[in-house]
Amino acid sequence: MTPLAAVVSGPRVRLFACFLRLGCQQAKPLQLHTGASLAAKNHYEVLVLGGGSGGITMAARMKRKVGAENVAIIEPSERHFYQPIWTLVGAGAKPLASSGRPTASVIPSGVEWIKARVVDLNPDKNCIHTDNDKEISYKYLIIALGIQLDYEKIKGLPEGFAHPKIGSNYSVKTVEKTWKALQDFKEGNAIFTFPNTPVKCAGAPQKIMYLSEAYFRKTGKRSKANIIFNTSLGAIFGVKKYAEALQEIIRERNLTVNYKQNLIEVRADKQEAVFENLDKPGETQVISYEMLHVTPPMSPPDVLKTSPVADAAGWVDVDKDTLQHKRYPNVFGIGDCTNLPTSKTAAAVAAQSGILDRTISLIMKNQTPVKKYDGYTSCPLVTGYNRVILAEFDYNAQPLETFPFDQSKERLSMYLMKADMMPFLYWNVMLRGYWGGPAFLRKLFHLGRS
């Protein structure tokens, strides 16, 4: 594989590499954390709910503020996954094993890992309850519980995944089934879906479509494949600049896109998918498939839906500028579980972590937060096995691009960043609390152009 440095070269990139090396030098190696000790406390200065990207990142940052012994993470899972790479796993471009590590290995050293599930939040009393009947109190609470996958809201799932020809890149249990379905494809409809709910990584449902089309071309099956993207949305992408680029790809590659079509049932034994027309509720269409990729409906975690910290829709109700809770000043939210009006991605979490770090620092000093989150998020739109359109945008769906070139163009350099550099940044810099997004790079590149 061509090294990234050979593809993206120049003084600005070398300067970026220098910053990256500095960040890695500052970040001390994470030590193996074996889990909750027998002497686990029942009160912490900072309590983090969730051991995903937002939770681990904020725990690392809070450790530097208040000391490791005063921070705890509540997380039941034994393994931590870098989920953005699953797009490439489902297309056979990366092994599943590369996406996961033991949770113990990413918990910041000295921080308490409480291996349990949160079952109740009581912000009026500054405490939570776990599924092992523990009550834990806190001075500051960071909620990073992610988003819930609701496969069961589609009739015939998840049991339908026991059949061949069907997969989903959104679950560790089903992502390899996507690759198997792709390899086993012979002739017919290859269908890709997008649900009628908020989702994490909203570009992923169509990324696997582009990769599948490229695979069919590479294996001589393209002429036998009718590729269909059935989406509940009314547009291919929410940012006009990138939507226009994607529409051009869709035309060039002869892909069929049907809008306002929501998957409501999978008859896996018959290889049939049932869609409802959202513009005409009750009107359905049955389509046979040779391959089906399902993006499941998603929702806030059940524990949040009826909790005092949730808004009417069940999401953690935070200020969109500061990430501080709107009603409980010592409660904060980050990532997919919040009602922040931006796309739910790991890149968004990185940017939010830097803002939240500053917000909490000022709250701890009884000062008013001043740094505002602009809604920055990023979606590397994989359009082939060596091409990516790097979409970056803000709350207003306006491009907020890092690099000094047109990011709506497909580029090998952006693919290599997605496939190789971003996972490195995630494991070695972001989870250690040293990556708050590329804002400083934007300033650097723009200064270089002025």
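Using only protein heavy atoms and a 1.4 Å probe, report how much of Ile287 is accessible, in Å² to the nearest 10.
20
When ligands, DNA and RNA are left out and all protein chains stay put, how many square angstrom of accessible area per residue does the chain have with a 1.4 Å probe?
Result: 42 Å² per residue.
Within a Cβ distance under 12 Å of Val239, other residues only, what is the Lys/Arg minus Asp/Glu net charge?
With Lys, Arg at +1 and Asp, Glu at -1, the net is -2.
Once Rh is set to the Kirkwood radius over Cα pairs, what Stokes-Einstein translational diffusion coefficient, in µm²/s, holds for the stretch 31-174 at a temperature of 20 °C and a viscosity of 1.002 mPa s?
129
Enumerate the helices in the chain for which the Kyte-Doolittle hydropathy averages 1.0 or more and the C-alpha atoms extend at least 24 Å along the helix's axis, using complete DSSP H runs.
Helices meeting the criterion: 346-364.
Taking all pairs of distinct Cα atoms, average 1/r, flip it, and tell me the Kirkwood hydrodynamic radius of the stretch 269-380 in Å to one decimal place.
Result for the stretch 269-380 stands at 16.7 Å.
First compute the accessible area of the chain with a 1.4 Å probe, then give the percent of it belonging to carbon and sulfur atoms.
Carbon and sulfur atoms account for 51 percent of the accessible area of the chain.
Could you let me know the centre-to-centre spacing of the stretch 87-150 and the stretch 398-438, using Cα atoms, in angstrom?
Between the Cα centres of the stretch 87-150 and the stretch 398-438 lies a distance of 25 Å.
Quick one, what does Rg over Rh come out to for the stretch 162-241 if you take C-alpha atoms and the Kirkwood Rh?
For the stretch 162-241, the value is 0.97.
Two decimals is fine: what's Rg over Rh for the stretch 151-298, C-alpha atoms, Kirkwood radius as Rh?
0.93
Which semi-axes, in whole Å and largest first, does the equivalent ellipsoid of the stretch 354-450 have when worked out from the alpha carbon gyration tensor as the square roots of 5 times its eigenvalues?
Listed largest to smallest, the semi-axes of the stretch 354-450 are 28, 16, 12 Å.
Hey, which aspartates and glutamates would be in cross-link range of Lys139, C-alpha to C-alpha under 18 Å, not counting anything within fewer than 8 residues on its own chain?
Within the straight-line limit of under 18 Å, Lys139 reaches these aspartates and glutamates: Glu45, Glu69, Glu112, Asp120, Asp124, Asp357.
GNM, the chain, Cα, under 10 Å: largest mean-square fluctuation among Thr377, Thr193, Thr306?
Thr306
For the stretch 310-322, just list the computed ³J(HN,Hα) in residue order, Karplus coefficients 6.51, -1.76 and 1.60, θ = phi - 60°, integers in Hz, with x standing in for Gly and Pro.
Computed from phi, the couplings for the stretch 310-322 are 8, 7, 4, 8, x, 8, 4, 8, 10, 5, 6, 8, 10 Hz.
Return the tail of the calculated pair distribution for the chain, meaning the percent of Cα-Cα pairs more than 40 Å apart.
19
Using a Gaussian network model of the chain with C-alpha springs under 10 Å, which one of Leu292, Leu278, Leu149 is most mobile by mean-square fluctuation?
Leu278
Seen from all sides and averaged, what is the projected area of the convex hull of the Cα atoms in the stretch 242-335, in nm²?
9.9
By accessible area of protein heavy atoms, probe 1.4 Å, what ranking do Glu410, Glu159, Glu283 get, highest first?
Ranked list, largest accessible area first: Glu159, Glu283, Glu410.
Ranked by accessible surface with a 1.4 Å probe, highest first, in what order do Lys139, Lys443 come?
Ranked from most to least accessible, the order is Lys443, Lys139.
Using a 1.4 Å probe on the protein heavy atoms only, what accessible surface does His129 show? Give it in Å² to the nearest 10.
About 50 Å², rounded to the nearest 10.
Counting pairwise Cα distances across the stretch 108-203, what percent come out greater than 23 angstrom?
51
Please list, ordered by chain and number, the residues whose modelled amide H lies under 5 Å from the amide H of Lys344; skip anything fewer than 5 residues away on the same chain.
HN-HN under 5 Å from Lys344: Cys201, Ala202.
How much accessible surface area, in Å² rounded to 10, belongs to the heavy atoms of Ile154 with a 1.4 Å probe?
Here the residue's solvent-accessible area equals roughly 0 Å².
Once you have the Kirkwood Rh of the stretch 52-134 from its Cα pairs, apply Stokes-Einstein at 10 °C and 1.306 mPa s and quote D in µm²/s.
In µm²/s, the coefficient rounds to 110.
In terms of modelled amide H atoms, which long-range or inter-chain residues lie less than 5 Å from the amide H of Ile166?
For Ile166, the qualifying residues are Leu292.
Pick from Gly375, Gly234, Gly92: which is most flexible by mean-square fluctuation in a GNM of the chain where alpha carbon atoms under 10 Å apart are linked?
Comparing Gly375, Gly234, Gly92 in the GNM, the peak value goes to Gly234.
Based only on Cα atoms, what Rg/Rh ratio does the stretch 217-274 have, Rh being taken as Kirkwood's radius?
Looking at the stretch 217-274, the ratio lands at 1.05.
Residue by residue through the stretch 128-143, which ³J(HN,Hα) values in whole Hz follow from phi under the Karplus form 6.51 cos²θ - 1.76 cosθ + 1.60 (θ = phi - 60°), with glycine and proline marked x?
3J(HN,Hα) across the stretch 128-143, in whole Hz: 9, 10, 10, 6, 9, 6, 9, 9, 10, 9, 8, 8, 10, 10, 10, 9.
The values are calculated or read from the model by the stated rules, or taken from the named source; none is laboratory data. These figures come from a predicted structure and were not determined experimentally. Note that we place each Cβ from the backbone using ideal geometry, even for glycine, and neighbour counts take in every protein chain shown. Surface areas here come from the heavy atoms of the whole protein model, side chains and all, with no ligands, DNA or RNA. Shrake-Rupley method; radii C 1.70, N 1.55, O 1.52, S 1.80 Å.
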